[in-house]
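Q: This is the structure, below, for whatever I ask next.
Every number in this text was worked out from the coordinates using simple rules, so none of it is lab data. Note that the structure is predicted; figures quoted are calculated from it, not measured. Positions of Cβ are backbone-derived with ideal geometry, glycine not excepted, and every protein chain shown enters the neighbour counts.
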Amino acid sequence: MKLLSLVIGHWSSLSLPAPPAPSAPDRSLSSLSLTPHTLFQLRTEIIVSTNTRAIKILLYGKSFPVNYRSKVLIDLLQRSQYCIAQFNPDFYWTSNKFLTIFAWLDFFVKAIFADVIYLLPKNTIYIKNVLWVAKLLRKKLIVEMHISLYDNYVKEYKTIKVDDKKAKAFKEFDILALTKSDYLIHSADYELVYWEKLLDIHVDRSKVFIAPNCNTSTTLLHQRSFMQDGVLRICWWGTFIPLHGIDKILQAMQTLKEKEVKFTCNLFGVDRPIFSTYAEKIQLANLGDCVFLRKDLNFADGSLPKYLVENCDLALGIFGDGDAARHALPNKLNEALAMRLPILTMNAPALTEFFNPEVDFWTCEPAVESIVMSILNIIHGVAYPVDWEQSRQKVVNTFNAVRYQEVLKQVLGKATPNLLPKENQNSESGVLTTGQAALN
């Protein structure tokens, strides 16, 4: 504690330079006519000059390298010239309890100077710490959950039992994030409705803002002629979680092979322990000559989109049995349609929030027989027609960074009503630019 007192004492003794005075109109007092109208103008200009500054945002949580939502969020905030700081709990992790005092001190200092606190996507586990500090310092709290801890780990992955203490904690974290935050940003309203039923709560819709996922950044377009070499080239990409229904895909491929259909199926996944499990399943099913498990291409470096537009005839979506599969919008659907790549996925109620299923893409039931029958119909040209360019335009116009930026601006404006945001102002020229120009 002596060391802490010394640090604080030294900090308080530092003389910080005064902030530059706001620029004011060049007027000489001798030529200034101090009429009531002029005084009112001067007062207005002083207020505007004082309040026009970048909104200060404290981002709390881990911005995972693979968390595309956080990456886009931080990039948009930086491009829009908000003043941001981040508190990453992992940076301060230590087994020394005394040192955690400094972590809390840094968090408090940043929170005191912030106008608003923003809990990053997939960081709901930290909601108690953030909520406590936000209430204590009377700061507005914006939460972007992206996933439900309880739904993911208890209902979907089933890695935690329902009666486990951790399950109860996860449920509490979800409820606090959904009900106690000042503003809530999420990618789809349909999923929120599902979470309300799952957690037995009511979410105040006046604080909810929908910003659809914007994972459609690639400009590459599918050019390949369907089965141009006489072989159906099927592709799938993602993580090996129950929601995706990978086992059903493998069973469907086995049936297609038994029917002597000429095809190949490339499954692009991430290098995790379960990767080897599926490699074994492919060999046991005698699919080694037509189904290939790969981890060499990805979206991050652009290698996977390039491969897909040049080599894929049909993309596969999700075919899971759980509630999450029926209430979530799969990212790979948007990614495929943005490339004008034909895709087959399970029909689900969540799709209707943004799409017209059975018009915008091919759908089927989440059953092996339905997947097989749909693929055979596609091969034989009897599947219902889809205007893939029209579907691409719908995705590009809906799932984009500009829309996300507009939602962020709206929420931050409500959270800081006394500030005139400077987010679209060029710091050097002072020229205001449009949201689209800010992204270029």
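Q: Which percent of the Cα-Cα distances in the range 364-408 go past 17 Å?
A: So the pairs more than 17 Å apart make up 58 percent of the total in the range 364-408.
Q: Suppose we keep just the alpha-carbon trace of the range 51-118; what are its Rg and Dmax in angstrom?
A: Values for the range 51-118 (Cα only, Rg and Dmax): 13.6, 43 Å.
Q: Could you compute Rg(Cα) / (2.2 N^0.38 Å) for the range 165-215, with N its residue count?
A: This ratio for the range 165-215 stands at 1.17.
Q: May I pose another question? Using mean Cβ contacts within 10 Å as the protection proxy, how do 95-104, 109-118 order, highest first?
A: Details: 95-104: 11.0, 109-118: 19.6.
Peptide ranking by packing, descending: 109-118, 95-104.
Q: On a straight-distance basis, which aspartates and glutamates could pair with Lys56 in a cross-link, Cα separation under 18 angstrom, same-chain partners fewer than 8 positions away excluded?
A: Asp75, Asp106, Asp115, Glu144, Asp182, Glu406, Glu423
Q: Starting from the Cα of Lys281, draw a straight line to each of the lysines and keep only those under 17 Å, dropping any in the same chain fewer than 8 residues away.
A: Lys248, Lys257, Lys295
Q: Mind running the shape call on the range 260-307? Use the C-alpha gyration tensor, a ≥ b ≥ c as the square roots of the eigenvalues: rounded below 1.5 for a/c, prolate if a/b tops b/c, oblate otherwise.
A: Since a/c reaches 1.5 but b/c is at least a/b, the shape of the range 260-307 is classed as oblate.
Q: Would you please give the residues with an amide H less than 5 Å from that of Val270, counting only those at least 5 places away or on a separate chain, with H modeled from the backbone geometry?
A: Amide H neighbours of Val270: Phe240.
Q: Which of the three applies to the range 249-339, rounded, prolate or oblate, going by the alpha-carbon gyration tensor with a ≥ b ≥ c and a/c under 1.5 meaning rounded?
A: Because its axes are fairly even, with a/c under 1.5, the range 249-339 counts as rounded.
Q: Hey, another quick one. Quick one: of Lys139/Lys207; Lys207/Lys332; Lys171/Lys414; Lys207/Lys414, which pairs are farther than 19 Å apart, Cα to Cα? Intermediate results must be reported in sequence, preceding the final value.
A: Numbers: Lys139/Lys207 15 Å; Lys207/Lys332 28 Å; Lys171/Lys414 28 Å; Lys207/Lys414 10 Å.
Over 19 Å apart, Cα to Cα: Lys207/Lys332; Lys171/Lys414.
Q: Based solely on C-alpha atoms, express the radius of gyration and the Dmax of the range 42-192 in angstrom.
A: 17.4, 65
Q: For the range 191-205, what does the Karplus curve 6.51 cos²θ - 1.76 cosθ + 1.60, with θ = phi - 60°, yield as ³J(HN,Hα) per residue in whole Hz, taken in order and with x for Gly and Pro?
A: So the Karplus estimates, Gly and Pro as x, are 5, 4, 4, 5, 5, 4, 5, 5, 9, 6, 9, 10, 9, 5, 5 Hz.
Q: Starting from 0 in steps of 5 Å, tell me what percent of the Cα-Cα pairs of the range 323-363 lands in each bin.
A: Per 5 Å bin, starting at zero, the Cα-Cα P(r) for the range 323-363 comes out as 6, 23, 39, 24, 7, 1 percent.
Q: Take the Cα gyration tensor of the range 121-251, multiply each eigenvalue by 5, square-root it, and list the three semi-axes largest first, rounded to whole angstrom.
A: Output for the range 121-251: semi-axes of 36, 21, 12 Å.
Q: For Phe263, list long-range residues whose amide hydrogen, built 1.01 Å from N in the peptide plane, is under 5 Å from its own amide hydrogen.
A: Counting only residues 5 or more places away or on other chains, the set is Leu232.
Q: Let me ask something else about it. Just check the range 198-251 against the gyration tensor rule for me: Cα atoms, a ≥ b ≥ c as the square roots of the eigenvalues, rounded for a/c under 1.5, and otherwise prolate or oblate depending on whether a/b exceeds b/c. Write out the running numbers ahead of the final one.
A: Values: a/c = 4.38, a/b = 1.76, b/c = 2.49.
Since a/c reaches 1.5 but b/c is at least a/b, the shape of the range 198-251 is classed as oblate.
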